[in-house]
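Have a look at the structure below, then the notes.
The values are calculated or read from the model by the stated rules, or taken from the named source; none is laboratory data. Every value quoted in this text rests on a predicted model; they were computed, and no experiment measured them. Backbone-built Cβ (ideal geometry, glycine too); neighbour counts: all protein chains shown.
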């Protein structure tokens, strides 16, 4: 019975219902697609390649427990420093060019600051890279361990091959950079830093952006809420008019008499508490069932 009343109300207010449905569908469409001809989906695939790099010395401090080289914590700080060196400058551009990526389309996320734990570093973009859409952008993310000299590299790109090449180019060019600095500054071989890669990069894919199912769900919820507001508002307006009409009729019946002139007592308006008709009208409104 209640469902039938709701359907009847929707039929009476079908123009408002159509407007609500169209607005909800438009919001859902804009969540899922970018405006344009043709519209482009906001959902895209991203390839992710990860690699781990060990920052060590030629006389490995990981294997040589009783050696006299730098401590692991010192090497760990060097790994953090190297990660920050690749954020900007020629080293970043060299990595991008080796992987076949435009430097403007490559964003780099430096390792987190040990003095500010829990604060995620923001990607560093240069030049016109800030205007590059996320679906066309490549990202290199570096992270380190507080106690271990390991530099974690995560390369994201629109395709798997580019992501893999970015991870490999990072390892190769970091190794070349350390060798060039050691040669230029004539650092003894025993004190030179070396880069050791842990296996080949692993590549996975991830879906980014607003899912179409989520956009459809938002549109559906908005449509239901809007239709409920239309039905509820219509019921409230009609009930209020009915209440005003019944109260007016009750007031007219209370003032009616046998035609005699009203006395001084009769001229005083009757209180609602002593007017059975007014009480009956209010009770009818309060007990009226909600169609939902």
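Some observations on this one:
- Among the residues of segment 33-48, just one is more than 21 Å from residue 154 (Cβ to Cβ), part of a strand (DSSP E or B) and touching a residue at least 24 places away in the same chain (Cβ under 8 Å), namely 41.
- Here residue 168 fulfils each of the conditions (1) in a helix (DSSP H, G or I); (2) assigned by TED's automatic domain parsing to the domain that holds residue 80; (3) loosely packed, with under 15 Cβ neighbours inside 10 Å apart from (3).
- Applying the condition of being more than 30 Å from residue 78 (Cβ to Cβ) and surrounded by 10 or more Cβ atoms within 10 Å (Cβ to Cβ) to segment 113-140 and asking which residue is modelled with the highest pLDDT yields 136.
- Any hit, segment 145-162, residues being surrounded by fewer than 12 Cβ atoms within 10 Å (Cβ to Cβ) and free of Cβ contacts under 8 Å to residues at least 12 places away in the same chain: no
- Flag if residue 185 is within 30 Å of residue 94 (Cα to Cα), assigned by TED's automatic domain parsing to the domain that holds residue 169 and surrounded by 15 or more Cβ atoms within 10 Å (Cβ to Cβ): no
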